[in-house]
Each structure stands twice: as structure tokens, then as C-alpha cells.
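Here's a structure for you.
Where a number appears in this text, it was derived from the coordinates with a stated rule and is not lab data. Predicted model, so just to flag it, every value in this text is computed and none were measured. Neighbour counts are summed over all protein chains in view; Cβ atoms, including those assigned to glycine, are modelled from backbone coordinates with ideal geometry.
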Amino acid sequence: SPSNTGTLTLGTSGGTQTYNGGLTTTSVGSTVTLNGTIATSNDAVVFGAVTLGSAVTIDTNASSNAADITIAAITGGSNNLTLTTGDNISGADITASGAIASLGNLTLADVGGTATFSANVAAAALSADSTVANITFTGGTNTFSAASTLANDGTLTFGDATGDSFTFNGGLTETTTGTVTLASTINSSNDAISFGAVTLGANTTINTNATNTTGDLTLGVVTGGNNTLTLSTGDG
């Protein structure tokens, strides 16, 4: 794994680099820039802070729980990021511990473990299909600027405190199979928000800030846990 004191650039736009045995860049002294596909064969990758120089896919091709993805802060440059470990490989996790800024689309695919985002996230669309197990966002301020769709087959958590906020400009459609826990304020700007059954982990507000009839709010069964739920579309 590299430990140079200067910058490090990995990959080219549209290209693929494979690191059998894994990859760690946390000892690099300056900016780490990622491009194209960064892959392993069931080996962990560990990044510190990174900058995306083009659309990036990180894929560990997990066949066991050894093939985690760990990444700190991400500066997106409006580029798309796809994160994947392995479908149905329990324990092959994604851990993003730093703030994610100026990202294009954030796509989760083939994640058998849990994808955890513990700091602020700013991206375009957020998407995950049924090849993804569990997803957790606990950063204080999270903003998505395009229509987002979540259909993962495990759990989904938005927030871990009432003060956490999520804004889905473009709207949100959630059809997660497992338990969906809300503990936050969830907004859109006149865009529809649709949840199935949810459990409240803290006092929660959902507001579509409607200015016309497109700002609908759809919600399934709510398990409150003695928490307060505030629902709002638009005055008038």
C-alpha cells in the first residue's frame, strides 16, 4: 500500500485497477484522487480522504466478510460514486466516516452487509436496489438534489437524533423490505416523499414544502415508540 508524502492518483476515467491483496491509502501525505473502477478479489480497501477525478466504482467482489470498504471524507467534484461489496455476503460492510461533499449520484449495489454513513452527505440522487442489505445514515445534515429511490432488502435508518436533517429535492421513494427507522427531520422542496411502514427512533418531522399538488406525502404503518411525528405538505 502506498505511503508517499505527495499526491496519489489511482486509475483513469473509465479504466479498471485491481488490487488483489487489498489496498490501503491512509499513509499518503497529500491528496488521493480516484478515477474509474477500483477493484479487489475479496480483499478490503481502506481509504482516508479522497477526491473523485471522474465517475468512480469501488468493488471488493466479496465472497466473505473480509472484503470491507472503509473510506473517510469524499470530495466528489460532481462525479458519481458506486460502492459495492458482494450480494448476500453478510458482514461485507461499507463504512464512510467522513463528510461527503459535492458528489454526483451515490449508488449502492450488491452490499450484503451494512453501508454506514456517519457524517454529512451532499449528493445528487441516492439509490439502492434489492441487492443491498442494510443502510444507515447518521450525519447531521444530508442533502440529495435529485430523485432518490431505496429498495434495499434489509434495514434502513435515517438519523439518530431529532436534530438530524435530510433534504430530498427531487423526492424520495422508499420500498425497503426490512425495518425503516426515522429519527430526524425529512424535507423536500415540493417533491413527493413516499415511505412504507416506519418506526420512529426519535421525534420526527416529514415536510414536503408543497407549492402545488406534486408535493404529496405517503406513509404506511407507523410504530411510534412514544415519539412525536409531525407531518406537513404545504399551507394553502
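Could you tell me the convex hull volume per residue, in Å³, taken over the Cα atoms of the chain?
Values: hull volume 25.5 nm³, N = 236.
Convex hull volume per residue, Cα atoms: 108 Å³.
Now a separate question. Mind listing the long-range amide H neighbours of Asn42? Cut-off is under 5 Å, sequence gap 5 or more, other chains count too, H placed in the peptide plane at 1.01 Å from N.
Those lying under 5 Å, H to H, from Asn42 are Asn61, Ala62, Ser63.
For region 67-78, what does the Karplus curve 6.51 cos²θ - 1.76 cosθ + 1.60, with θ = phi - 60°, yield as ³J(HN,Hα) per residue in whole Hz, taken in order and with x for Gly and Pro?
9, 7, 10, 10, 8, 9, 5, 10, 9, x, x, 6
Check which residues have an amide H placed less than 5 Å from Ser188's amide H, if you skip close sequence neighbours.
Excluding prolines and chain starts, which carry no amide H, the hits are Phe168, Asn207, Thr208, Asn209.
Counting only DSSP beta bridges with both residues in region 80-209, tell me the antiparallel percent, nearest 5.
Around 0 percent of the beta bridges assigned by DSSP in region 80-209 are antiparallel ones.
Here's another thing I want to ask about it. Give the residue from Phe166, Gly14, Val221 lying farthest towards the positive end of the charge dipole for the chain; charges sit on Cβ (+1 for Lys and Arg, -1 for Asp and Glu) and the dipole is referred to the Cα centre.
Gly14
Give me the percent relative contact order of the chain, please, defined on Cα pairs under 8 angstrom at least 6 residues apart.
Values: 841 pairs, mean separation 22.4, N = 236.
Relative contact order comes out at 9 percent.
With θ set to phi - 60°, apply the Karplus curve 6.51 cos²θ - 1.76 cosθ + 1.60 along region 199-210 and write out the HN-Hα couplings as whole Hz, x wherever there is a Gly or Pro.
Residue by residue, region 199-210 yields 10, 8, x, 6, 4, 9, 10, 10, 9, 8, 6, 5 Hz.
List the residues, sorted by chain then number, that are 5 or more residues from Thr141 or on another chain and whose placed amide H is less than 5 Å from its amide H.
Those qualifying (amide H under 5 Å, at least 5 residues apart or on another chain) are Asn120, Val121, Ser165.
Apply the Karplus parameterisation 6.51 cos²θ - 1.76 cosθ + 1.60, with θ equal to phi minus 60°, to every residue of region 6-22 and state each ³J(HN,Hα) to the nearest whole Hz, in sequence, with x for glycine and proline.
Karplus-based 3J(HN,Hα) across region 6-22 equals x, 7, 9, 10, 10, x, 10, 4, x, x, 9, 10, 10, 10, 6, x, x Hz.
Just how large is the dipole of the chain about the Cα centre, in debye to the nearest 20, putting +1 at every Lys and Arg Cβ and -1 at every Asp and Glu Cβ?
Working: 0 positive and 14 negative charges, 75 e Å.
Taking the Cα centre of the chain as origin, the dipole is about 360 debye.
For a distance above 26 Å, tell me the whole-number percent of Cα pairs in region 1-113 that qualify. Intermediate values should be presented prior to the final figure.
Values: 585 of 6328 pairs.
Of all Cα-Cα pairs in region 1-113, 9 percent lie more than 26 Å apart.
Which one, Gly112, Ser188, Thr5, projects farthest toward the positive side of the charge dipole computed for the chain from Cβ point charges (K/R +1, D/E -1)?
Towards the positive end, the residue furthest out is Thr5.
Return the inverse of the average 1/r over all pairs of distinct C-alpha atoms in region 127-182, which is the Kirkwood hydrodynamic radius, in Å to one decimal.
Values: mean 1/r = 0.0872 Å⁻¹.
Across region 127-182, the inverse of the average 1/r is 11.5 Å.
If you don't mind, there's one more thing I want to ask. Using Cα pairs under 8 angstrom and six or more residues apart, how large is the relative contact order of region 1-115, in percent?
On the way: 374 pairs, mean separation 22.8, N = 115.
Once normalised by length, the contact order is 20 percent.
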